[in-house]
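What follows is a set of notes on a single structure, which appears directly below.
The values are calculated or read from the model by the stated rules, or taken from the named source; none is laboratory data. Model, not experiment: these values are computed from the prediction. Cβ placement follows ideal geometry from the backbone for every residue including glycine, while neighbour counts extend to all protein chains displayed.
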Amino acid sequence: MGTEAVKAEATGERSKYGGAPVRVPPPLVVAVLVATGLIVHFFLYPLPIGLTLVPRLVVGGALLISGVAMGLSVMKQFRQSGRSNPLPWHPSPELIAKGAYRFSRNPMYLFEVLKMAGIGIAANSGWVVLLSPVFLLVVHFTAVLPEERYLFETFGESYVRYCAKVRRYL
């Protein structure tokens, strides 16, 4: 969605906390997709990764640890901005454009994809790995688009300039 589309779709709608009107918690989406992938893998139709145990644990663990570490760094930026809760329905006191937000407008969701892929690889479940981009698709419509409208309504032209410089994902 370009900045013109964000402007055109501005609604003024807010969550009960005053933030973006996100109705599906992204962490819940992660949990449901990981559980689904593991259930399908272990009970219906296995889809192994094709690596032996040690490489799986090394690669999967590295992705998982990277996702967690990067997520923690972004959460630190949230706290420094005055936002103690990173969940999208809480208000944003300032527009964050440093750290990972210099490269992506949605680094938290990208880090969730890394963590999901890491879990899938470590658990030898190709289903979890395949569901990782599905997470991004679901969250795009249930969280990212409402967040973009909220951020435009809250920060106006500052957000438009930020969108012109930084990609939505990568």
Exercise for the section: May I ask you to verify whether SER92 is among the polar types (S, T, N, Q), under 19 Å from the mean Cα position of the chain (by Cα) and under 17 Å from TYR17 (Cβ atoms)? Expected result: yes
Handout entry: In the stretch 95-121, residue nearest to ILE39 (Cα to Cα) [restricted to those that are in contact (Cβ under 8 Å) with a residue 40 or more places away in the chain and of a type in the set (D, E, K, R)]
Key = LYS115
Exercise for the section: Take ALA117 and decide whether it is over 24 Å from ALA20 (Cβ atoms), modelled with pLDDT of 95 or more and of a type in the set (Gly, Ala, Ser). Expected result: yes
Exercise for the section: Can you work out which of the residues in the stretch 82-105 that are among the polar types (S, T, N, Q) and more than 18 Å from GLY156 (Cα to Cα) is modelled with the highest pLDDT? Expected result: SER104
Fill in the blank from the handout: Given (1) under 20 Å from VAL22 (Cβ atoms); (2) at pLDDT 95 or above, LEU53 misses just (1)
Problem - Some residue of the stretch 65-74 being modelled with pLDDT of 95 or more, touching a Gly at 6+ places or on another chain (Cβ under 7 Å) and of a type in the set (A, V, I, L, M) - result: no
Completion exercise
Contact list, first residue from the stretch 67-78 and closer than 15 Å to SER104 by Cα, second anywhere and part of a helix (DSSP H, G or I) and of a type in the set (A, V, I, L, M, F, W, C), beta-carbon distance below 6 Å, six or more apart or interchain, is GLY67/PHE111; GLY67/LEU114; MET70/PHE111; GLY71/PHE111; VAL74/ALA100; VAL74/MET108
Practice task
Determine the pairs where a residue that is of a type in the set (Lys, Arg), located within the stretch 43-60, has a partner that is assigned to a loop (DSSP other than H, G, I, E, B) with Cβ atoms under 7 Å apart, the partner being 6 or more residues away or on another chain.
Solution key: ARG56/ILE49; ARG56/ASN124
